[in-house]
1. Can you list the residues, at least 5 places off or on another chain, whose amide H is less than 5 Å from the amide H of V122, using H built in the peptide plane?
2. For the residues M140, M57, what sequence is obtained by ranking on other C-beta atoms within 10 Å, fewest first?
3. Would you order T77, T151 from fewest to most other beta-carbon atoms within 10 Å of each residue's own beta-carbon?
Amino acid sequence: MKFLLVKLVELMIVVAIIGSIGVLGLNMYQDVSEDVKSGSAKRSYNSVVQYITLELMRCEITTTVMDGNLTCAGKTTNSVKEATLKALEHLKNPFGKGANDPNDTLITNGGTFTKDYDLGYVRLHELEDNDQTVKLIVGMCYDVKCYTSDTENNYTVSYIDINAKIDADELQAKLKTLTQGDLSKKIEEVQKDNLTKKLLNLQKKFIKLPKELLNLSKQLLPE
């Protein structure tokens, strides 16, 4: 009887330790998962800004861009926004559907990007500057809290002049600037994907632990 009590106490200690490890592991998984989503949101945002900028540059050498959705002659901010939405409609918000949005489509025409419910969305807006240039505003909140103050926030904004003229040398330089570092970003993305898979496997192992403990208790305690 004393032997059984000792074994039972040992089993309870093992269960307590494994339970603590399980909670710690799941909390680590949740934190890293949010970091992965935030990183994915930033990469998506940069890709959208690059895509719009490069496609508008192509208007210098061709008549239609954005998979044929934008006619270069007479383009407006609205036509650029609509073409972007059509060309990139397959992209999804890494955080999923927001509370105030109808779906999880990454890019939207309008909408705020300074509220926590805007998390992960790329918002397109029009801005008419003081010098009469028409610019496309591309904004995103990539992490909570989206906005606390002007110096403490987790959103980013880009301004794209849709009618900017550019010569061949400047075009080449800008293309080089916009496309450099893509390889390192891809490597980073692969590494994060591998980390996510490892954490998911870790989560599955924790789910299996109750069955293993039940088998252990059957071995320690006589029938």
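1. Residues meeting the criterion, in which the H sits 1.01 Å from N, are I107, T108.
2. Least to most surrounded, the residues fall as M57, M140.
3. T151, T77
Computed from the coordinates by the stated procedures, all read-outs in this text should not be read as laboratory data. Computed from a prediction, not measured in an experiment: that's the story for all the values here. Glycine gets a Cβ as well: all are built from the backbone with ideal geometry, and neighbour counts include every protein chain shown.
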